[in-house]
Amino acid sequence: MIKALSKKVVATAVLAASVALVSAQASAGDWKGWNIHVKDYPVSIGMEKFIELAAKKTDGRVGGKVYHGGVLGSQSDAISQMQLGGVDFAEFNLGPLGIAVPEVNVVSLPFIFKDMDHMHRVMDGAVGEKLSAAMAKAGIIALSWYDSGARSFYNNSGVVIKTPADVKGLKFRVMNNELFVGMVEALGGNATPMAFSEVYQSLKTGVVDGAENNWPSYESTNHYDVAGNYSGTQHLILPECLCVSIRAWDALSSEDKKSVKEAAVESAKLQRVLWAERSAQSKAKVLKAGVKYNEIKDKSEFQAAMAPVYAMAVKKNPALKELIAAIQAVD
Ligand code: GTR
């Protein structure tokens, strides 16, 4: 009896707390935006543009603030926060998002995209729509796709990576997703998932020998200062998304939804232009600072080594098979 009563008391308290949480949520004019990047990064400028346009197009019914530089936590924290209602909009890399939305893992398969243009065609087409639908089921509404270039390995051990054999024995930081651990292991290296904010220190103190990222992130985080060998493996071309929480989205009228979507698409157009510019600038800056860069023209050995990663992904989630075929069918 006492047990039953206390259960009821707990249930009532939980209900009260969640009602309080819901009512404490931001109104549409006061959205909280999560961003991992520094303020002058293409993603950051795109997000500012998005919220500015959204306000303009909805006569101020939608508005908010972008918190740059990861001050609201890591991407993994922000995904949970978005699902719980603590974050209203965000710009996520689809790599770590695969943990919350398994279908999204298809874009984290190394070399799945031929190049940036191919990735754009896929994401702006039917596969992009399927991934959006899967994300919506997880409480995350993808409004537009942002660029993040191609990721390559860099290290602080003076190793010039030309073939998979060169990766052997090196320890790399990867983003939070077991597929990325599998990717490095398939090349004979070791991998440690770690938050973005911890990578600089880990490279500096030798906790890891290297990491992998695109030119702008390699430059904006100063990783190039502590890991000066950059090898152009270009193993991952990961799209990013500008997203809003389903709670924030559902609270909008259909007219405002249309305006917010338009704002997001316009901001993505700007972000893609800024991305291309920043990539060239970042590359030039790090090369000038003394980074040793080697291009890898023939990537076929790296591609071939990825077969176990594809096998692992499909074994875990057979639905990926169809999505892989759909991506490969896009010219
Ligand atoms: C960047 C990406 C971030 C984050 C980061 C990382 O290129 O834009 O969202 O994923 O890489 O390596 O953690």
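Just so you know, all these numbers are worked out from the coordinates, no wet-lab data involved. Nothing here was measured: the structure is a model prediction, and the numbers come from that model. Because the Cβ atoms are built from the backbone with ideal geometry, glycine has one as well, and the counts that use them run over all protein chains shown.
Here are the numbers:
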{"read-out": "Cα long-axis angle, helix 320-329 against the chain (0 to 90 degrees, to the nearest 10)", "value": "60 degrees"}
{"read-out": "For region 228-311, radius of gyration divided by Kirkwood radius, i.e. Rg to Rh on alpha-carbons", "value": "1.16"}
{"read-out": "Semi-axis lengths, Å, the chain, gyration tensor of Cα atoms, sqrt of 5 times eigenvalues", "value": "35, 23, 21"}
{"read-out": "Ascending count of other beta-carbon atoms within 10 Å, so fewest first, for H37, H223, H118", "value": "H118, H37, H223"}
{"read-out": "Centre separation in Å (Cα based) which lies between region 151-193 and region 95-137", "value": "22 Å"}
{"read-out": "Ascending count of other beta-carbon atoms within 10 Å, so fewest first, for S27, S254, S132", "value": "S254, S27, S132"}
{"read-out": "The chain: calculated mean residue ellipticity at 222 nm from DSSP helix runs of at least 4, using -39500 (n - 2.57)", "value": "-15000 deg cm²/dmol"}
{"read-out": "Antiparallel DSSP beta bridges within the chain, as percent of all bridges there, nearest 5", "value": "55 percent"}
{"read-out": "Highest-fluctuation residue, E255, E295, E103 considered, GNM on the chain with Cα pairs under 10 Å", "value": "E255"}
{"read-out": "Cα-based convex hull, region 154-213, per residue volume (Å³, whole number)", "value": "69 Å³"}
{"read-out": "Shape of region 190-331, Cα gyration tensor, a/c cut at 1.5", "value": "oblate"}
{"read-out": "Order of V127, V226 under a 10 Å beta carbon neighbour criterion, fewest first", "value": "V226, V127"}
{"read-out": "Cα gyration tensor shape for region 86-147, rounded if a/c is under 1.5, else prolate or oblate", "value": "prolate"}
